[in-house]
Amino acid sequence: MATAIDPTVGGLPLPGAPSPVRGRVLSRVRGLRPAVVLSAVFLLFILIAAIAPSLLTKGDPLQVNLGHSLQAPSLEFPFGTDQSGRSVYTRVIYGARESILIGIGATAVGLGVAALLGVAAGLGGKWVDGVISRLLEVLFSFPLLLFALFLVAIFGSGVSTQIIAVGIASAPGYARMIRAQVLQVKGADYVIASRALGHKPSRTLFRNILPNAFRPLVVLATLGVGQSIVWASALSFLGLGVAPPAPEWGAMLDAGKDYIQTAWWLEFFPGAAIVATTLAASCIGRYLQRRIEGETY
Amino acid sequence: MSTTPSITHGGALEAPPRRRVPWRTAVYKALGAILVLWAAATLCFAMQELSPGNKALAILGGAGARPPQAVIEETEEKYGLNDPIVQRYGRFIGNLATGDLGTSYQYKQPVTSLIKEQVGPTLVLVFVSTLLAWLISVPITLFTAGKGRVRSSMGAGFEAFFAGVPPYWLGLVLLVVFAFELGVFPVTGGTSASALFLPALTLALPLAGFLGQVTRDEFERGLKQPFAISARARGASEGEVRRRHVLRHALLPGITLTGWAIGATISGAVLVEVIYARPGLGQVLVNAVSNQDLPVVVGITMLVALIYVVVNLVVDLLYVIVDPRLRTRKEVV
């Protein structure tokens, strides 16, 4: 494992050691694992694609050009073209926005529901905790995708259902972690100290318990966005989410399914975008986790 | 019941004799499992009640249909849709307990018989891929874990990659490479053994990656444990220590997680069946979801919950039998 010589232990400067120099970005980047740097660069690229896709491609993702249909990857069309002659590269770039927004939306829904359940279970006392913990246990017997499919069956398919379904289906996992975190923080010395100082319960809650209990959420959210993109595009892939003409990654996989025998690039590149985004998000997530736990590589 | 106290676990000679099968634990766990299933059924019922669509309309042919009012009322009467909620709940739970999952809106056929026709290939797929996942992950762990930086990071990289790959994309890639380009395996071919390999591999690789990550952690920790050191001190070769002692120790968390991952594997099976056009519950479920055929969706969801609960019950009991230490140890997260 690459370990940079670092004057800090557990994030705290050692007495007598020189304090870490803030401005020297390059030397800090050099101390990181290559995978972390690569992931960060890739996510930056995806973010640019999501915010300003026209910077990365000149084409129009919906422009039909039947003269160019189903062409293999070439210099002009780096990822090939689809059955209507649209550039797959352009569509993957433009698809970033919708895929990422759905992923972030679903994660936000999931973490929101989970935070309510987790905090209520952690602070609500024996009965509330018992009921919520049992509920979570029951929800765990529904696998994520099946739970999401159930919700789609009830509320009908579409983008908003897709976001809500994936979000709610992933909430039990987050809720369990948040509950554990709240319970752990609740018993910490600084919480006891805050009470002993006579602070109002609301102050202890908002100034001490919640900020500390929610700190690992940064990690959960990063990992979660990757997973949400995977599951949301699974719904699109099954034809239950974003409808095909839109350039969303899962919907592109669904649309390309019929041509897979002759045009592999229709499936390979949108799928590779999902895989790369997920892997990069989980790599960054694990890096953040190590940072929170006090390691700095 | 006879017990042979082992001297490999320090102090085990003084341990009180224990029975081979902990019946008490088994009964409690089984009761708990039934409670979980009941709660899951209640949740399914409650979610069905939340459905904004008109159920009579769904039965009569979906949102596009315009049946006359009289027919709607007749259908509501026939399916008991206007009965008070308590009565419908009682009927739902009662029927469920006797294995009756209601009638499909789409096919007008009992859901139980619909599932029975389709469940076979799915169960075979899930079972074979779980087995395959273990067959892939154990050798990789044995050959790479704790064997120097290059080998272990290659193994860990393999595992991280496959653990993160969505099964539907992996399935499409394998399909293109092996079925279309190389022509080694049939593209789609019903339920024959050769048609099983690619779908099973598609499900097995991500599971192998996931299991491998857990097993590797435990394996590398195990290599430094006192039992490994003492085995080395007794003159066992390094290979023997890895295979006989450390591997056994390292498999336990993976076994628990296999129970936990069964749900994810079934979810994956749904996707894989759609990709390979393989008969099974996947096609039925996706079809039912897009047509809002709630009894079929609820039926399959409850079946999966049942499989999940039963598998985890079995894993829990096996665990207690295999390793009594874990009765007092904290839960593996």
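The values are calculated or read from the model by the stated rules, or taken from the named source; none is laboratory data. What you see is a predicted model, and the numbers here were worked out from it, not measured in a lab. Here Cβ is always computed from backbone atoms with ideal geometry, including for glycine, and neighbour counts include all displayed protein chains. SASA here: full protein model, heavy atoms, side chains in, ligands and nucleic acids out. Shrake-Rupley method; radii C 1.70, N 1.55, O 1.52, S 1.80 Å.
Summary of computed values
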{"quantity": "Low-density loop cleavage sites - trypsin sites (Lys or Arg not before Pro) in the stretch B:132-226, where at most 12 other Cβ are within 10 Å (DSSP)", "calculated": "B:Lys224"}
{"quantity": "Shielding by partners, peptide A:130-141 (average Cβ within 10 angstrom, other chains)", "calculated": "4"}
{"quantity": "Peptide ranges B:158-166, A:47-55 listed from the most packed, as the mean C-beta count within 10 angstrom indicates", "calculated": "B:158-166, A:47-55"}
{"quantity": "Cα gyration tensor shape of the stretch A:171-212, rounded if a/c is under 1.5, else prolate or oblate by comparing a/b with b/c", "calculated": "prolate"}
{"quantity": "Ratio Rg/Rh, restricted to the stretch B:50-173 and using Cα atoms, in which Rh is the Kirkwood radius", "calculated": "1.26"}
{"quantity": "Cβ-derived FRET efficiency at R0 41 Å, B:Ala233 paired with B:Val314, nearest 0.05", "calculated": "0.65"}
{"quantity": "B:Ser113/A:Arg207 FRET efficiency (R0 56 Å; Cβ-Cβ; nearest 0.05)", "calculated": "0.40"}
{"quantity": "Surface/4 estimate of mean projected area, convex hull on alpha-carbon atoms of the stretch A:103-181, nm²", "calculated": "4.9 nm²"}
{"quantity": "Segment A:Gln63-A:Ala243, extension gain: residue separation times 0.36 nm, minus the distance between their alpha carbons", "calculated": "63.1 nm"}
{"quantity": "Descending semi-axes in whole angstrom, ellipsoid equivalent of the protein assembly as shown, from the Cα gyration tensor", "calculated": "39, 35, 29"}
{"quantity": "Relative packing of B:118-131, B:235-248, which averages over residues the other C-beta atoms within 10 Å, highest first", "calculated": "B:118-131, B:235-248"}
{"quantity": "Relative contact order %, chain A, counting alpha carbon pairs below 8 Å whose residues are six or more apart", "calculated": "23 percent"}
{"quantity": "Semi-axis lengths (Å, descending) of the ellipsoid that matches the C-alpha gyration tensor of the stretch A:139-257", "calculated": "40, 13, 11"}
{"quantity": "Zero-based 5 Å bins, Cα pair distances in the stretch A:39-188, whole percents", "calculated": "2, 9, 13, 13, 12, 12, 11, 9, 6, 5, 4, 2, 1, 0"}
{"quantity": "Gain upon complete extension [B:Val150, B:Gln87; 0.36 nm per residue less C-alpha separation]", "calculated": "16.2 nm"}
{"quantity": "Over the stretch A:218-291: Rg over Rh, Cα atoms, Kirkwood Rh", "calculated": "1.08"}
{"quantity": "For the stretch A:184-253, diffusion coefficient by Stokes-Einstein and Kirkwood Rh (Cα), 10 °C, 1.306 mPa s, µm²/s", "calculated": "105 µm²/s"}
{"quantity": "Which listed pairs, of B:Lys29/B:Lys116; B:Lys29/B:Lys224; B:Lys29/B:Lys78, have C-alpha distances above 31 Å, in listed order", "calculated": "B:Lys29/B:Lys224; B:Lys29/B:Lys78"}
{"quantity": "Accessible-area order (highest first, 1.4 angstrom probe) of the listed residues A:Phe206, B:Phe180, A:Phe237", "calculated": "A:Phe206, B:Phe180, A:Phe237"}
{"quantity": "Gyration tensor (Cα) of chain A, equivalent ellipsoid semi-axes in angstrom", "calculated": "41, 28, 13"}
{"quantity": "Within-12-Å neighbourhood charge of B:Thr144 [Cβ basis; K, R +1; D, E -1]", "calculated": "+3"}
{"quantity": "Paramagnetic label zone (point 7 Å from Cα along Cα-to-C-beta, B:Leu135; backbone N under 18 Å) in the stretch B:143-175", "calculated": "B:143"}
{"quantity": "Average other protein chain Cβ within 10 Å of Cβ, residues B:38-45", "calculated": "3"}
{"quantity": "Span-rule helices in chain A, defined as complete DSSP H runs reaching 30 Å or more along the axis (Cα) with Kyte mean at least 0.0", "calculated": "A:88-123, A:159-186, A:265-292"}
{"quantity": "Carbon plus sulfur fraction of accessible area for the stretch A:153-212, probe 1.4 Å, in percent", "calculated": "60 percent"}
{"quantity": "Inter-chain Cβ neighbour average for residues B:168-180, partner chain, 10 Å", "calculated": "5"}
{"quantity": "Farthest positive-ward along the stretch B:193-263 dipole, Cα basis, beta-carbon charges - from B:Phe227, B:Gly212, B:Gly259", "calculated": "B:Phe227"}
